[in-house]
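All remarks here apply to the structure that follows.
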Amino acid sequence: MEIDNLTIAIGNWFFKYRSYLFVPILILLVIFMGPVMPFDSMKMDYITDIFGVLVALVGFSLRVLVIGYKKPGTSGRGTVISVSEVVTDGAYLMCRNPLYFANFLIWLGFMIIWWEINFFFTIVLWFFVEYYFIIKAEESYLFLKFGVAYDNYRKSVTAFFPKIKNFRKPNRLFNWNKVLKNETNLLLLILLFPLFFEMYEDKLWGKVSFGKNIILVLIALIILVIWSIIFYKNKKSSA
């Protein structure tokens, strides 16, 4: 398997800064590409918002599945590609990069809620470019480290889009503590974003309802209280 050095270098650079590069791009998109009311219908706006949240939660559930069965020394949040073994069971039987696909689903959900075509295509293009180079750099690293064993796995499992029927439960316990430690903040974002976005839309389109906003704020506060309790308990148990 041959991958040119420039592609690998770009992939390593994207991998190192993957947690930061998207922030300024997203801010610019939000400023210059405001949300659009689907089909000029408030009813369709509610439907697409609910559908977007569901898509994002599917992506989050996939992340939970991967993180819960994660082996030590495999996928992580570091800035350098480094693994101690190739994971070929569980979600990694569906595709080789289930976490990347899960991230894409989460953002797809947000894109559906935002409902702006240029916003959609810009995000999709960014994900394609970033993950193309990262995946190529990871493939080169894994092939050099694990040789034929990884190459056989690479040839038998798709890179990005999963085949759900291929999933098999791994022969190890699901680690809820790891999930709570790593994914609680992301779940908070997925649940709170649509609530504040709904208030932003109403203000943008001149449909502000004081009673509706009070309900949305109360829901947000309830979510924050539950999140705080979970976060505190998890922090206490891991201390």
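For region 71-101, what are the residues that are among the aliphatic types (A, V, I, L, M) and either surrounded by 14 or more Cβ atoms within 10 Å (Cβ to Cβ) or assigned to a helix (DSSP H, G or I) (or both)?
Matches in region 71-101: I81, V83, V86, V87, A91, L93, M94, L99.
Just checking, how many residues over region 128-145 are β-branched (V, I, T) and either buried (at least 17 other Cβ atoms within 10 Å of the Cβ) or over 17 Å from R18 (Cα atoms) (or both)?
The total comes to 2.
Could you tell me how many of the residues in region 188-200 are touching a Phe, Trp or Tyr at 6+ places or on another chain (Cβ under 8 Å) and open to solvent by 90 Å² or more (accessible area, probe 1.4 Å)?
Matching residues across region 188-200 total 0.
Can you tell me how many residues in region 135-192 are of a type outside the set (F, W, Y) and farther than 30 Å from W227 by Cβ?
Number of matching residues: 25.
Which condition does E130 not pass, out of (1) part of a helix (DSSP H, G or I); (2) touching an Asp or Glu at 6+ places or on another chain (Cβ under 9 Å); (3) not β-branched (V, I, T), if it passes all the others?
Against the list (1) part of a helix (DSSP H, G or I); (2) touching an Asp or Glu at 6+ places or on another chain (Cβ under 9 Å); (3) not β-branched (V, I, T), E130 comes up short only on (2).
Considering each of K203, K181 in turn, give the residue that is charged (D, E, K, R), in contact (Cβ under 8 Å) with a residue 40 or more places away in the chain and open to solvent by 60 Å² or more (accessible area, probe 1.4 Å).
Exactly one of K203, K181 is charged (D, E, K, R), in contact (Cβ under 8 Å) with a residue 40 or more places away in the chain and open to solvent by 60 Å² or more (accessible area, probe 1.4 Å), namely K181.
Is it true that some residue in region 33-45 is acidic (D, E) and closer than 19 Å to L195 by Cβ?
The answer is yes, given that some residue of region 33-45 is acidic (D, E) and closer than 19 Å to L195 by Cβ.
Applying the selection to region 146-164, what residues are in contact (Cβ under 8 Å) with a residue 24 or more places away in the chain and either open to solvent by less than 60 Å² (accessible area, probe 1.4 Å) or in a helix (DSSP H, G or I) (or both)?
Matches in region 146-164: F146, A149, Y150, D151, Y153, R154, V157, T158, A159, F160, P162, I164.
The values are calculated or read from the model by the stated rules, or taken from the named source; none is laboratory data. Note that this is a predicted model, so its numbers are computed, not measured. Virtual Cβ from ideal backbone geometry, glycine too; neighbours counted across all protein chains shown. Surface accessibility is based on the protein's heavy atoms, side chains included, excluding ligands, DNA and RNA. Shrake-Rupley method; radii C 1.70, N 1.55, O 1.52, S 1.80 Å.
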